[in-house]
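> Before I ask anything, let me first share the structure, which is written out below as structure tokens.
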Amino acid sequence: MDNKKLLKKYIPMTETAFYILLALAEPRHGYGIIKHVEEISGGRLRLGSGTIYGTLGKMQKDDMITVFADVERKTVYEITDAGKYLMRAEMERLEELHANMLKYGGEFR
């Protein structure tokens, strides 16, 4: 899938997709992703196995991630260049949201 189609399909990104790709800053298997996301979200986000493996399958089909290795019945995933491109785009979008929140969100605090 080309980058324009990826942007249209995934931006804005779901929190689940964002955290899965963020966890793949280094190769991880599914359970490792679940535990890492739980840790970095302070326990707020707990991904179920159905959610994570469904999302991983979709991301793999869209060439955002690839299988890095199969070790002891565990599939290890890594992010592709297309996935990194998508993460950069989403992070820029989130940075803009954050900056505007700080600048204009005072009356909501």
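The values are calculated or read from the model by the stated rules, or taken from the named source; none is laboratory data. This one's a predicted model, so the numbers in the text were calculated from it and none came from an experiment. Glycine gets a Cβ as well: all are built from the backbone with ideal geometry, and neighbour counts include every protein chain shown.
> Identify all residues within region 1-44 that are touching a Lys or Arg at 6+ places or on another chain (Cβ under 7 Å) and either of a type in the set (A, V, I, L, M) or in contact (Cβ under 8 Å) with a residue 24 or more places away in the chain (or both); write none if there are none.
Selection gives Ile11, Pro12, His29.
> Could you count how many residues in region 67-101 are at pLDDT 95 or above and either in a helix (DSSP H, G or I) or out of contact with any strand residue (DSSP E or B) (no Cβ under 6 Å at 6 or more places or on another chain) (or both)?
Counting residues in region 67-101 that are at pLDDT 95 or above and either in a helix (DSSP H, G or I) or out of contact with any strand residue (DSSP E or B) (no Cβ under 6 Å at 6 or more places or on another chain) (or both) gives 21.
> Look through Ala82, Ala69 and report the one residue that is in contact (Cβ under 8 Å) with a residue 40 or more places away in the chain and either within 15 Å of Leu7 (Cβ to Cβ) or exposed (fewer than 10 other Cβ atoms within 10 Å of the Cβ) (or both).
Step by step, each of Ala82, Ala69 is checked, and only Ala82 is in contact (Cβ under 8 Å) with a residue 40 or more places away in the chain and either within 15 Å of Leu7 (Cβ to Cβ) or exposed (fewer than 10 other Cβ atoms within 10 Å of the Cβ) (or both).
> Look through Gly43, Gly57, Gly50 and report the one residue that is at positive phi and either within 13 Å of the chain's Cα centre (by Cα) or loosely packed, with under 13 Cβ neighbours inside 10 Å (or both).
Result: Gly43 is the single residue among Gly43, Gly57, Gly50 that is at positive phi and either within 13 Å of the chain's Cα centre (by Cα) or loosely packed, with under 13 Cβ neighbours inside 10 Å (or both).
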